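Take a look at the structure set out below.
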């Protein structure tokens, strides 16, 4: 998955995270994103927003796959 700049909505969502939520989100970051954060390619806020965006996309893909599998089992 290519790392790009996050949408503004995700930046706003990331800025509203509590300290605990921020730590949890950082623990789920990919190694590639963590390295780029350390190299200062992204600010912490941008990296958090990218992670939020990725997780939303992954959840959407999972839901589609689950729905497809459920429809196969019914039909």
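Relative contact order of the chain: what whole-number percent is it, with Cα pairs under 8 angstrom and at least 6 residues apart?
Working: 38 pairs, mean separation 31.4, N = 75.
It rounds to 42 percent for the chain.
Of the listed values [x] 20, 37, 22, 14, 7, 1; [y] 13, 22, 19, 18, 14, 9, 3, 0; [z] 19, 44, 21, 13, 4, 0, grab the one calculated as P(r) over Cα pairs in 10 Å bins from 0, in percent from the structure here.
[z]
Can you tell me the 0 to 90 degree angle between the C-alpha axis of helix 44-74 and the longest principal axis of the chain, rounded to 10?
10
At residue 69 and residue 16, where each label point lies 7 Å from the Cα along Cα→Cβ, what is the point-to-point distance in nanometres?
So the two model labels end up 3.2 nm from each other.
Rule-based calculations on the coordinates, nothing more; no lab input. Just so you know, these numbers come straight off a predicted model, no measurement behind them. Ideal geometry is used to build each Cβ from the backbone, glycine not excepted, and the neighbour counts take in all protein chains shown.
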